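No value in this document is a laboratory result; all are computed from the given coordinates. None of these values were measured; they are calculated from a predicted model. Reconstructed Cβ throughout: ideal geometry from the backbone, glycine too, with neighbour counts over all protein chains shown.
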Amino acid sequence: MQIGCPREIKPQEFRVGLTPNAAREAVAHGHAVLVETGAGLGAGFDDDAYIAAGARIAASADEIFAEAELVVKVKEPLAQERRRLREGQVLFTYLNLAPDPDQTCELIDSGVTAIAYETVTDDRGGLPLLAPMSEVAGRLAPQLGAWALQKANGGRGVLMGGVPGVGPAEVLVIGGGVVGTHAARIAAGMGAHVTVLDRSLLRLRQLDETFGAAFSTRYSSEGTLAELLERADMVVGAVLIPGATAPKLVRRADLARMKPGAVLVDVAIDQGGCFETSHPTTHEDPVFSVDGIQHYCVANMPGAVPRSATLALGNATMPFLLALADKGWRQACADDPHLRAGLNVHAGHLTCYAVGLAQGIDVLSPHLALKA
Ligand SMILES: NC(=O)c1ccc[n+]([C@@H]2O[C@H](COP(=O)([O-])OP(=O)(O)OC[C@H]3O[C@@H](n4cnc5c(N)ncnc54)[C@H](O)[C@@H]3O)[C@@H](O)[C@H]2O)c1
């Protein structure tokens, strides 16, 4: 199969859909790989790395979209990319269609078969192609929060790990899922005193069994949150209620009870944020202050580390990519219900119920789409 990987054109997107390692695997499976010149540069992969892996370099995205049977990307196709998609072609990327009716209509009209990373599932009820980005964002949160805690950056001037004779920073992580677990691990590794709050006792038990005394767990209630907020130097917001906007767990009035210069890192900002005073920021200007409390609210945190993020995403997408290329999308989706859950659009039909519900559009069952 001809696999194509264009350069990402969304502003500030430096990841790439195919690593040289993934290209090498695809070539070893007998596929032809075409990569747009410069596509990997933002993630530290030059054209020579792809050539060494057996890929060909295309001079333009036009060439990729014209030749590729399977187009692999990172972000949703922008309007100028959508115009180049066609019936019979398979697109494998993050789509996030639910809040994006324009993209949904244009993908349906194009006739393309689009498989969305974010709706591919796994045996444990997880989202295996979203998890790597949550892992990256979670591990970044204490690193970036520690920067914001520095005095010159507007923070309290507290060192995460303290020093002999001086206590460490108090870090509160709200939500002990993928982001929260990774944030807690890194904050504890930096020497901070860490507490994780969650509403799921099962999750708290798992954290306790896995991490022992590395950090404390508490059941999330308003009273516990109020108590811990007053002590915190850094709060990481990592809650998720699937399909809903994030609950506002910290209100503006709560800020007055916090230590001046404390830092809120709102990782859940991509779902609206879990602090009332949050609004999305960018890597260029990531932090703002409200009532003396620092807020870090970058909606695409993995963009800060495109090389690590690309490698992490590539590891997760590779088995699905190879299945799509080896068997064709129809057989691959017939064989694997988790990959089939990723099928969002096929040959003029929407095939994802969650998107149909969000936009009031009729949905063709993915099972029927396999026969269409
Ligand atoms: N900003 C970014 O760049 C970025 C990157 C990746 C993920 N995210 C976001 O981070 C958030 C967390 O993602 P995740 O993958 O860890 O989700 P997850 O489902 O693995 O974990 C969410 C956790 O929140 C807990 N929770 C729900 N309500 C709670 C409450 N009231 N109090 C305490 N805990 C509560 C759940 O029980 C669950 O354990 C999501 O909003 C996700 O979109 C943002």
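Rounded to the nearest 5, what % of DSSP beta bridges with both residues in the chain are antiparallel?
Numbers: 9 of 48 bridges.
So the antiparallel bridges amount to about 20 percent of the total.
Over the Cα atoms of region 145-235, what is the Rg over Rh ratio if Rh follows Kirkwood? Don't skip to the end; give the middle numbers.
Working: Rg = 13.1 Å, Rh = 13.4 Å.
When Rh is taken as the Kirkwood radius, the ratio is 0.98.
Give me Ile115, Ile186, Ile57 sorted ascending by neighbouring Cβ count inside 10 Å, so fewest comes first. Don't skip to the end; give the middle numbers.
Numbers: Ile115 30, Ile186 22, Ile57 16.
Arranged by neighbour count, lowest to highest, Ile115, Ile186, Ile57 become Ile57, Ile186, Ile115.
Give the long-range amide H neighbours of Leu34: residues separated by 5 or more places, or on another chain, with amide H under 5 Å away, using H modelled in the peptide plane at 1.01 Å from N.
Under 5 Å from the amide H of Leu34: Ile3, Gly4, Cys5, Arg56.
Counting DSSP beta bridges with both partners in region 184-320, what percentage is antiparallel, nearest 5? Show your work: numbers first, answer last.
Numbers: 4 of 17 bridges.
In region 184-320, DSSP labels about 25 percent of beta bridges as antiparallel.
Using a cut-off of under 19 Å, list every residue of region 130-160 whose amide N is near the label point 7 Å from the Cα of Asp291 along the Cα-to-beta-carbon line.
Backbone N within reach: 155-156.
Report relative contact order for the chain in percent, whole number only (criteria: Cα-Cα under 8 Å, sequence separation at least 6). Intermediate values should be presented prior to the final figure.
Values: 802 pairs, mean separation 62.7, N = 372.
Averaging sequence separation for qualifying contacts and normalising by length gives 17 percent for the chain.
Let me have the 222 nm mean residue ellipticity of the chain computed from DSSP H runs of 4+ only, each contributing -39500 (n - 2.57), with the sum over all residues rounded to the nearest 500.
Values: 15 runs with 138 residues, N = 372.
Here the helix-only value at 222 nm equals -10500 deg cm²/dmol.
Give, rounded to the nearest 20 debye, the magnitude of the charge dipole that the chain has about its Cα centre when Lys and Arg contribute +1 at Cβ and Asp and Glu contribute -1 at Cβ.
I would put it at about 680 debye.
Based on the mean of other beta carbon atoms within 10 Å per residue, what is the order of 328-339, 201-212, 288-299, most packed first? Walk me through the numbers before you get to the answer.
Working: 328-339: 17.7, 201-212: 13.4, 288-299: 19.4.
The densest-packed peptide leads the list: 288-299, 328-339, 201-212.
Taking the Cα centre of each part, how many Å lie between region 196-258 and region 283-301?
Cα centroid to Cα centroid, the span is 19 Å.
Quick one: net charge around Ala61, please, counting Lys, Arg +1 and Asp, Glu -1 for every other residue with C-beta under 9 Å from its C-beta. If you can, show how the numbers build up before the last one.
On the way: positive: Arg7, Arg84; negative: Glu36, Asp62, Glu63, Glu81.
Combined, the nearby Lys, Arg, Asp and Glu give -2.
Can you list residues whose amide H is under 5 Å from Val235's amide H, if they're 5+ apart or on another chain and H is modeled 1.01 Å from N?
Leu172, Val263, Leu264, Val265
Fewest to most neighbouring Cβ within 10 Å: what's the order for Leu107, Leu364, Leu144? Can you show the working numbers first?
Values: Leu107 26, Leu364 18, Leu144 21.
So the residues, fewest neighbours to most, are Leu364, Leu144, Leu107.
What are the extents of the Cα atoms of region 1-140 along their three principal axes, listed from largest to smallest and rounded to whole Å?
38, 38, 31
Got a sec? How would His367, His193 order by Cβ neighbour count within 10 Å, fewest to most?
Working: His367 13, His193 19.
Result, fewest neighbours first: His367, His193.
Let a ≥ b ≥ c be the square roots of the eigenvalues of the Cα gyration tensor of region 131-299; is it rounded (a/c under 1.5), or, if not, prolate (a/b larger than b/c) or oblate?
On the way: a/c = 1.34, a/b = 1.07, b/c = 1.25.
Rounded.
Given the chain reduced to its alpha-carbon atoms as identical point scatterers, what log10 I(q)/I(0) does the Debye formula return at q = 0.08, 0.11, 0.12, 0.14 Å⁻¹?
So the normalised log intensities work out to -0.45, -0.80, -0.92, -1.14.
From the backbone phi of region 323-335, what are the Karplus-calculated ³J(HN,Hα) couplings (6.51 cos²θ - 1.76 cosθ + 1.60, θ = phi - 60°) in whole Hz, Gly and Pro given as x?
Here the 3J(HN,Hα) series is 4, 4, 6, 5, 9, x, 4, 5, 5, 4, 6, 5, 6 Hz.
Between region 26-97 and region 146-177, how far is it from one alpha carbon centroid to the other, in angstrom?
The distance from the Cα centre of region 26-97 to that of region 146-177 comes to 42 Å.
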